[in-house]
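The values are calculated or read from the model by the stated rules, or taken from the named source; none is laboratory data. Note that the coordinates shown come from a computational prediction; the quantities given were computed from them, not determined experimentally. A quick note on method: Cβ atoms are made from the backbone with ideal geometry, for glycine too, and the neighbour counts reach across all protein chains shown.
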Amino acid sequence: MAGGRRVGLGARACAALLLLAAPRAAQADYVADVRFAIEEVEKQCGTLLASKKIDWKKVSAPFLAEAEAVRTPEEHWRLLTRLVARLQDGHAEVQKGPAAGELQWPADPKGEKTGPGMFWCRSDGKLYVKNVWNDAERIGIQPGMEVVEVGGLPAAKWLDQRIAELADTISFSTPQHALFFATHWGLADYPGTKLPLVLKKAKGKKTERELTYGRSSSVAWGPAYPPSGLKAAREGKDDVTYGFTEKKYGYIHLRRCPGDLPELVDVALAEVGEARGLILDFRANGGGGFDHDAFLGRFVPSGKVFSSGHEFASAGPNPYGGPVVAIVDGNTRSAGETAAGLFKDDGRGYVIGESPTAGMSSQKTTIELPSKLFALYVSTASNKGRYNDGKGLEGVGVIPHRIVEYDPADLDEKIDTLIVAAEQLLAKFPQKDVRYDPRDHGWKP
């Protein structure tokens, strides 16, 4: 009250007060936030930290000291991102809280990174070019070439350094997750960057190339060389594509796991479901969310139930009951892993891959920090606890029955080694290693 008269605030005055209040977020107690984050992670994620053999007190301690130097919300965001990376949790991330307002991740002054026009793979301990296009192809880099040196360093050392650099801000659930990320997305750099390479063809001499980054996608797409003529189960989308291999086995590439994945599989099986054997390719599957029982029901003959300790009833109009070989890699993530695990650990098929899957499949929680600027989205327990002898998938992944690496000679001929291996397995199926027997469920080729 002033002079017996109520003082009212107009719209402009209210707006001014809000602007004055806005900077309060910048005065947040960043050290208190980091201390709270460290303590809550230890409480809520302790089981996973122990299973991954992470000494949380040791790895998190430096961040309290670093928090003393933080002066802005943007610096706080970066520091928390680096802290979360130490969880070795592929789903972990720092999310904006209610006090963050319109805060944006600091823009990279160098611009947006781009791919080099190639992906790599590891075979027999060496690095090889897996596939090539755009900038890499234009300077004569070919699939199957061994990557001997990168930027003046032995290729293995360069890759180790790149993984360490990436792992400072990106949380990788397993070593295979980190490796496959680094040899695909992790090869990206700024346009105009020059990358000196020493390469070697099989039984050939070393050759030097200098790659200048232009514009290429760095997103992994899965198989090196899929069968030709694949169709999309959904027009304009590559979530599920299907067709036949050269030897006329059915082939389905499951690139993602949308909610209607079972129905998309129905579309594929309507055409390839009469094949004498089926290849399910989960490579580079980025996950999603779907009904697991309904999905596996598409691989149980009509009117039948497959029991693996968990019962799966037949589902869908075109269920397939024959032998299945599934292919995975370290880029198979999240729901892609739980789908692939139905074939390995629930025993519906035989699984091969360059490595186990990424091992990032978990139950999550959100930890809101005291400042309310940010919250930590973190894993607290593994999904599919019945897999891997009770260890689940988080930090482990789906472990193939057989590791099959790319043959550089195949890559040189643009042949996908793993698809060829799957065809060979279907021709002489290793039934003794697979719980599901098509004959027990009335399936006849």
Can you name the residue in segment 413-442 that is at pLDDT below 95 and not basic (Lys, Arg) and is also farthest from GLN363 (Cα to Cα) among such residues?
-> GLY442
Residue ID - nearest to the chain's Cα centre (by Cα), chosen from residues in segment 45-86 that are of a type in the set (D, E, K, R) and over 18 Å from THR174 (Cα atoms) = ARG78
Residues of segment 38-78 satisfying the condition of being assigned to a helix (DSSP H, G or I), aliphatic (A, V, I, L, M) and free of Cβ contacts under 8 Å to residues at least 60 places away in the same chain = ILE38, LEU49, ALA50, VAL59, ALA61, LEU64, ALA65, ALA67
Check PRO227 against each of (1) modelled with pLDDT under 95; (2) within 24 Å of the chain's Cα centre (by Cα) and name the one condition it does not meet.
-> (1)
Single unsatisfied condition, LYS237 versus (1) in contact (Cβ under 8 Å) with a residue 24 or more places away in the chain; (2) touching a Pro at 6+ places or on another chain (Cβ under 9 Å); (3) of a type in the set (Lys, Arg) | (1)
Of (1) over 14 Å from ILE367 (Cα atoms); (2) surrounded by 14 or more Cβ atoms within 10 Å (Cβ to Cβ); (3) of a type in the set (Val, Ile, Thr), THR81 fails just (1)
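Inspect all residues belonging to segment 270-279 and state whether any of them is under 22 Å from the mean Cα position of the chain (by Cα) and surrounded by 21 or more Cβ atoms within 10 Å (Cβ to Cβ).
Scanning segment 270-279, I find at least one residue that is under 22 Å from the mean Cα position of the chain (by Cα) and surrounded by 21 or more Cβ atoms within 10 Å (Cβ to Cβ), so the answer is yes.
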Does segment 284-298 hold any residues that are crowded, with 23+ Cβ neighbours inside 10 Å and out of contact with any Leu (no Cβ under 8 Å at 6 or more places or on another chain), and which are they?
-> ALA284
Test: VAL94 is in a strand (DSSP E or B), surrounded by fewer than 20 Cβ atoms within 10 Å (Cβ to Cβ) and of a type outside the set (Lys, Arg) = no
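Can you tell which of ASP416, ASP433, ASP412 is within 28 Å of SER314 (Cα to Cα) and among the acidic types (Asp, Glu)?
It is ASP433.
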Just need a number here: residues in segment 148-178 that are touching a residue at least 24 places away in the same chain (Cβ under 8 Å), polar (S, T, N, Q) and closer than 21 Å to SER355 by Cβ.
-> 4
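Within segment 113-122, how many residues are closer than 10 Å to ASP189 by Cα and either modelled with pLDDT under 95 or assigned to a strand (DSSP E or B) (or both)?
1
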Subset of segment 79-91 that is of a type outside the set (Ser, Thr, Tyr) and assigned to a helix (DSSP H, G or I) - its residue that is nearest to SER371 (Cα to Cα) | LEU80
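For the subset of segment 125-172 comprising residues that are of a type in the set (Gly, Ala, Ser) and at negative phi, which member is surrounded by the fewest Cβ atoms within 10 Å (Cβ to Cβ)?
ALA164
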Checked segment 366-394 for anything surrounded by 23 or more Cβ atoms within 10 Å (Cβ to Cβ), within 19 Å of LEU49 (Cβ to Cβ) and modelled with pLDDT under 95; matches are GLY392
Pick from segment 336-353, criterion among the charged types (D, E, K, R) and buried (at least 24 other Cβ atoms within 10 Å of the Cβ), ranking: nearest to PHE429 (Cα to Cα) = LYS344
Check whether at least one residue in segment 386-409 is over 27 Å from PHE172 (Cα atoms), in a loop (DSSP other than H, G, I, E, B) and over 26 Å from the mean Cα position of the chain (by Cα), and report yes or no.
-> no
Do we have any residue at all in segment 179-189 that's in contact with a strand residue (DSSP E or B) (Cβ under 7 Å, 6 or more places away or on another chain), surrounded by fewer than 17 Cβ atoms within 10 Å (Cβ to Cβ) and either under 30 Å from GLY273 (Cα atoms) or touching a residue at least 24 places away in the same chain (Cβ under 8 Å) (or both)?
-> no
Scan of segment 304-324 for residues that are without any contact (Cβ under 8 Å) to a residue 60 or more places away in the chain and of a type in the set (Gly, Ala, Ser), ordered by number = SER307, ALA313, SER314, ALA315, GLY316
